[in-house]
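A short worksheet on the structure shown next.
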Amino acid sequence: MISDSQFQNELHLIIENAIREDVGAGDYSSLACIPFDAQGKAKLLVKENGIIAGVAFAKMIFNFVDPNLKVTSYIDDGMPVNYGDIVFHVEGSSQSILKSERVVLNAMQRMSAIATKTSKYVNLLEGTNTKILDTRKTTPGFRAPEKWAVKIGGGENHRFALYDMIMLKDNHNDYAGGITNAIAKTKQYLKDNGLDLKIIVEARNLDEVREILQNDGVYRILIDNFNFDDTTKAVQLIGNKCLTESSGNINEATIKRYADCGVNFISSGALTHSVCNMDLSLKAF
C-alpha cells in the first residue's frame, strides 16, 4: 500500500484541483455582494440517516481555502447520523466559507454514502472471518477520499493503484501466454527491478486455481465469478498456501453466503461505483 505521506499528498492535490476547478479566477457571486471583511457562521446539516464521513477532509479543505476559518465538530467520522443532526460549525470569513462550500459538500456527500454502504456490508459479514475490500473502481481524480471513506465505514483497502501491488488478472495471464508464464515473468521483473510487491493472481475456474498453486510466491488468489460450490472447493484446494479473495457480482443478498465459503476477503466495486450521495447541506446561521 502507499505510504501515509503519499496518501496525504494525494489529498492535497485533490483539494487544490477541486478549488481550481470550482473557483477559477474568483467566486464572483460572493465577491459581488459580500463585503471582504464580513464574518459569518455555517452548520453542516444532515438530511439523511447513515454514517458520516469526510469531517477530517472538510477541515483540510477549509484550511486550504483559509487557515483562519475555525471548525468545531460535534460528530466524528464513522459515527451514525440521523436527519437533523449537526456535524460541525464553521466560522470566519463569509467569502471563505462560501468558496469552500461546494467542495466540502461534494466530498462529504460522496464519502458518507461510501462509508454507509461499506458499514452495511461489514454488518452483513458479522460472525464470519471475511473482510470487505474496495477496488480501483473509483471516481477519477477522487480515489484517495473514496478509499478513506471505505476505511471509515469499517472496510479495508485493496491496492491503491497499479504501482503498489501486482494483480495478474485474466487479460494479463492471456497476454503473457498463461498463468505460469505470467507469474514467472512477474517474479523475475520484481527481482530485476528491486521491487518488493505482493502478487495476487486471478483464477477463472478450479483448473486455474490448481495451476496457480503450482507456483511459489503468490500472496492471494482471486476467485473471480465462481458460484458458491466452486468457491468452497477452491478454498479447500488452497488451504493455508495463500490467502483467498472472492469477487464478481457479489451483492447484499449473496455476500454472506460467499463469506460462509471460507474466503479471507470479498472485494466489491459497488462500495465506490454504485452509491447515491448522502443528502447534506451547509447552512448559514
**Study point:** Overall dimensions of the range 77-210 by Cα: Rg and Dmax, Å
**Key:** 20.5, 64
Point to revise | R0 of 22 Å, Cβ-Cβ distance Phe36-Phe7: FRET efficiency to nearest 0.05 | key: 0.05
Exercise for review: Over the range 173-285, with every protein chain in place, what whole percent of the accessible area is carbon and sulfur at 1.4 Å, could you tell me?
Suggested key: 45 percent
Review point. Met111: accessible area at probe 1.4 Å, nearest 10 Å²?
Key: 0 Å²
Exercise for review: Please give the length that would be gained between Asn157 and Asp216 if that part of the chain were fully extended, namely 0.36 nm times their separation in residues minus their C-alpha to C-alpha distance (nm, one decimal).
Suggested key: 18.8 nm
Practice item. Estimate the FRET efficiency between Gln188 and Lys233 by the formula 1/(1 + (r/R0)^6), using the beta-carbon distance for r and 35 Å for R0, to the nearest 0.05. Key: 0.65
Exercise for review: Please give the net charge around Asp27, taking every other residue with its beta carbon less than 14 angstrom from that of Asp27, where Lys and Arg add +1 and Asp and Glu add -1.
Suggested key: -1
Practice item. Sum up the charges of everything whose Cβ sits under 10 Å from the Cβ of Glu245, counting Lys and Arg as +1 and Asp and Glu as -1, but leave Glu245 out. Key: 0
Exercise for review: With a 1.4 Å probe and every protein chain left in place, tell me how much accessible area Val209 has, in Å² to the nearest 10.
Suggested key: 0 Å²
Study note, to complete from the structure: Along principal axes, largest first, the alpha-carbon spread of the chain in whole Å comes out as 71, 42, 23
Point to revise | Mean projected area (nm²) of the alpha-carbon convex hull when the range 1-82 is viewed from all directions | key: 7.4 nm²
Check your understanding: Could you state the per residue volume, in Å³, of the convex hull enclosing the Cα atoms of the range 184-227?
Key -> 66 Å³
Practice item. Could you order Asp207, Asp224, Asp279 so the one with the most accessible surface comes first? Probe is 1.4 Å. Key: Asp207, Asp279, Asp224
Review point. What does the charge add up to near Asp76, with Lys and Arg as +1, Asp and Glu as -1, over the other residues with Cβ less than 13 Å from its Cβ?
Key: -1
Exercise for review: For the range 173-285, just say rounded, prolate or oblate: build the C-alpha gyration tensor, square-root its eigenvalues into a ≥ b ≥ c, call rounded for a/c under 1.5, and beyond that prolate if a/b exceeds b/c, oblate if not.
Suggested key: oblate
Review point. With all protein chains present and a 1.4 Å probe, how do Phe226, Phe285 order by accessible area, largest first?
Key: Phe285, Phe226
**Study point:** Per residue solvent-accessible surface (Å²) - the chain, probe of 1.4 Å
**Key:** 50 Å²
Revision key, fill the gap. The percentage of Cα-Cα pairs in the range 68-155 separated by more than 19 Å is 49 percent
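The values are calculated or read from the model by the stated rules, or taken from the named source; none is laboratory data. Just so it is clear, the model here is predicted, and its values are computed rather than measured. Methodologically, a virtual Cβ is constructed for each residue, glycine included, from the backbone with ideal geometry; neighbour enumeration extends over all protein chains shown. Calculation scope for accessible area: heavy atoms of the full protein, side chains included, ligands and nucleic acids excluded. Shrake-Rupley method; radii C 1.70, N 1.55, O 1.52, S 1.80 Å.
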